[in-house]
Amino acid sequence: MSILHDKLTIEAGELRNKRTALLKEHGDKVLGSVTVEQVLGGMRGVPALICETSSVSADEGLRIRNIPILELTDISPEETFWLLVTGERATATELEELRKVFAKYYAVPQYVVDTLKAMPKDSHPMAMLSVGLLAMERESEFRAAYDKGAGKDSLWQSMVNDSVRLIASMPGIAAAIYRIRFNKGEVIAPLTDDNDLSNNFAHMLGVSDDASWKELVRLYLVLHSDHEGGNVSAMTSYVVSSALSDPFYSVSAAMSGLAGPLHGLANQECLRFIIDVREQFGGVPTDEQLTEYTWNRLKNGQVIPGYGHAVLRVTDPRFTAFIGFGEKHNLQDDNVQITHKIFKLVPGILQEHGKAKNPWPNVDAASGSLLYAYGMTEFDFYTVMFGVSRAIGLCSQMVVNRMMASPIVRPKSLTLAELGR
Ligand code: CMX
């Protein structure tokens, strides 16, 4: 992947120098203290990770390389990858080159398709995604380079190659899962006359020929790509790859974390919630009906999917972008209307309920109703769409960490008795 290698070689040296200088000059500086509440509370807010690719603030949300996500809603997934990994906007020539390399890998190896076909018919699509990636691990150039004795300062190069291969293969793996798992007919081959990643993904899914469907797939892949380093999927791939496991292992593990209902599966759960509401009330409920329904759910100890966030304290800008897409394309079916009504009522209810620190919607609250509107009604699949996008950020973070020659992750654990003392 010479075009990226050329771009990143100087950067890799600079990153390693910066890291070494920080360690040497400030290695003993104290960043803060860790409270018992943080140890018992999922390490919330403990500053313990480096992430160069993106940041998430409580009052604004996602910035990719310091650019607010709402300023990036017109770019492609390829541009997103380039920006995440290099910190710069790609030129037209760089993008064209990158697309050519990606396009080599849109067709998924037959053994991966066969592996997916061999899985039981009731396998969760996310389990299939993790397995599909693990099956591809034998393709890893990173592992081959390590086995041949590549030094730690050069390993990032084979990690770039694996990342490109993995990101480019994800749409084909995901589309194959969609078609196999939901009896959609034969797996569809990639386009021969178009190198664009999201166009190929939209085509291989076989859901719709509408130009705005392609636009939604593109937007979806950009918006979910990265969300700094501390979320479950990013931290999982960071920890796994810190052991020098290659990107296929690391992203497969991250997908298993993304499959959790408190993380990526929330978009599936969100649409299930919307459909439950629609079925219960035979359409769009009144405000009173939805309020009562929401309270019953909360009293039952269930969360409202798509609402709340560990970091954000405002409406997720990615939710805003999806709502904007629905409005631009005049999507107004019952699910979309219920999504709007939930947004109108649920924040107030969650505030009154008084538990959630953030009553506002996250990215998952709107995306499902849009996919559904285009005919992708199998909501068990939605987290796979998320995963295809998130792999872009996970790989970018891993490449940058490998450029820095980051060490193996090994925090200290305590027993409850030790903590008590
Ligand atoms: N509905 C009901 N209760 C909620 C809630 C919601 N949407 N969000 C938070 N709460 C509750 C928590 O369950 C917690 O209750 P307990 O004290 O009984 O355990 C309390 O409010 C405090 O939680 P918090 O500090 O506000 O939120 P956390 O950082 O612990 O968790 C998150 C964040 C996202 C897991 C949580 O808001 C949630 O479960 N939301 C619904 C699921 C969801 O949308 N997940 C997707 C997140 C985006 C992503 O990662 O992809």
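Tallying residues that are touching a helix residue (DSSP H, G or I) at 6+ places or on another chain (Cβ under 8 Å), surrounded by fewer than 13 Cβ atoms within 10 Å (Cβ to Cβ) and among the small types (G, A, S) within region 176-214 yields 1.
Would you mind finding the one in R65, R89 that is crowded, with 17+ Cβ neighbours inside 10 Å and modelled with pLDDT of 95 or more? The conditions single out R65. In the condition set (1) under 17 Å from the mean Cα position of the chain (by Cα); (2) assigned to a loop (DSSP other than H, G, I, E, B), G45 is compliant with all but (1). Among the residues of region 332-357, those that are closer than 18 Å to W213 by Cα and not in a loop (DSSP other than H, G, I, E, B) comprise N335, V336.
Is region 23-34 home to any residue that is surrounded by fewer than 17 Cβ atoms within 10 Å (Cβ to Cβ), at pLDDT 95 or above and of a type in the set (V, I, T)? Yes: region 23-34 contains one or more residues that are surrounded by fewer than 17 Cβ atoms within 10 Å (Cβ to Cβ), at pLDDT 95 or above and of a type in the set (V, I, T). Of all the criteria given as (1) modelled with pLDDT under 95; (2) surrounded by fewer than 17 Cβ atoms within 10 Å (Cβ to Cβ); (3) touching a strand residue (DSSP E or B) at 6+ places or on another chain (Cβ under 8 Å), the one not satisfied by V311 is (2). Does G393 fit the bill of being modelled with pLDDT of 95 or more, assigned by TED's automatic domain parsing to the domain that holds L116 and either surrounded by fewer than 24 Cβ atoms within 10 Å (Cβ to Cβ) or not β-branched (V, I, T) (or both)? The answer is yes for G393. Would you confirm, using the coordinates I've provided, whether N200 is in contact with a Pro (Cβ under 8 Å, 6 or more places away or on another chain), farther than 20 Å from I323 by Cα and not aliphatic (A, V, I, L, M)? The answer is yes for N200.
Might you let me know whether region 238-245 holds any residue that is away from the ligand (no atom under 14 Å from the Cβ), under 15 Å from M170 (Cβ atoms), out of contact with any Gly (no Cβ under 9 Å at 6 or more places or on another chain) and part of a helix (DSSP H, G or I)? Among the residues of region 238-245, not one is away from the ligand (no atom under 14 Å from the Cβ), under 15 Å from M170 (Cβ atoms), out of contact with any Gly (no Cβ under 9 Å at 6 or more places or on another chain) and part of a helix (DSSP H, G or I), which makes the answer no. Residue under question is F386, and the condition is that it be under 16 Å from R318 (Cβ atoms) and either part of a helix (DSSP H, G or I) or more than 16 Å from the ligand (Cβ to nearest atom) (or both); does it hold? So F386 fits the description; yes.
For region 358-383, filtered to residues that are in a loop (DSSP other than H, G, I, E, B) and within 14 Å of the ligand (Cβ to nearest atom), the residue that is nearest to Y106 (Cα to Cα) is V363.
Scan region 48-70 for residues that are of a type in the set (V, I, T) and part of a strand (DSSP E or B) and jot them down. Explain how you work it out, then say what you get.
Step one: list which residues in region 48-70 are of a type in the set (V, I, T), which gives 50, 53, 56, 64, 67, 69.
V56, I64, I67 - these are the residues of region 48-70 that are of a type in the set (V, I, T) and part of a strand (DSSP E or B).
Of all residues in region 289-331, those that are within 12 Å of the ligand (Cβ to nearest atom), part of a helix (DSSP H, G or I) and either among the β-branched types (V, I, T) or in contact (Cβ under 8 Å) with a residue 60 or more places away in the chain (or both) total 2. Go through (1) modelled with pLDDT of 95 or more; (2) in contact with a Cys (Cβ under 9 Å, 6 or more places away or on another chain); (3) not assigned by TED's automatic domain parsing to the domain that holds F102 and name the single condition V400 misses. Here V400 meets the rest and fails (3). Annotation note: Cβ proximity below 9 Å between a residue of region 264-279 that is near the ligand (Cβ under 8 Å from one of its atoms) and a residue that is modelled with pLDDT of 90 or more and among the basic types (K, R) (sequence gap 6+ or interchain) occurs for G264/R390. Looking only at region 205-234, residues that are of a type outside the set (S, T, Y), part of a loop (DSSP other than H, G, I, E, B) and more than 16 Å from the ligand (Cβ to nearest atom) come to 4 in all. Could you please find all residues in region 139-179 being within 20 Å of T383 (Cβ to Cβ) and among the hydroxyl-bearing types (S, T, Y)? Passing the criteria: S169, Y178. Being free of Cβ contacts under 8 Å to residues at least 60 places away in the same chain and assigned to a helix (DSSP H, G or I) is the requirement here; does E37 meet it? For E37, the condition - free of Cβ contacts under 8 Å to residues at least 60 places away in the same chain and assigned to a helix (DSSP H, G or I) - is met.
The values are calculated or read from the model by the stated rules, or taken from the named source; none is laboratory data. All values reported here derive from a predicted model rather than from experimental measurement. Backbone-built Cβ (ideal geometry, glycine too); neighbour counts: all protein chains shown.
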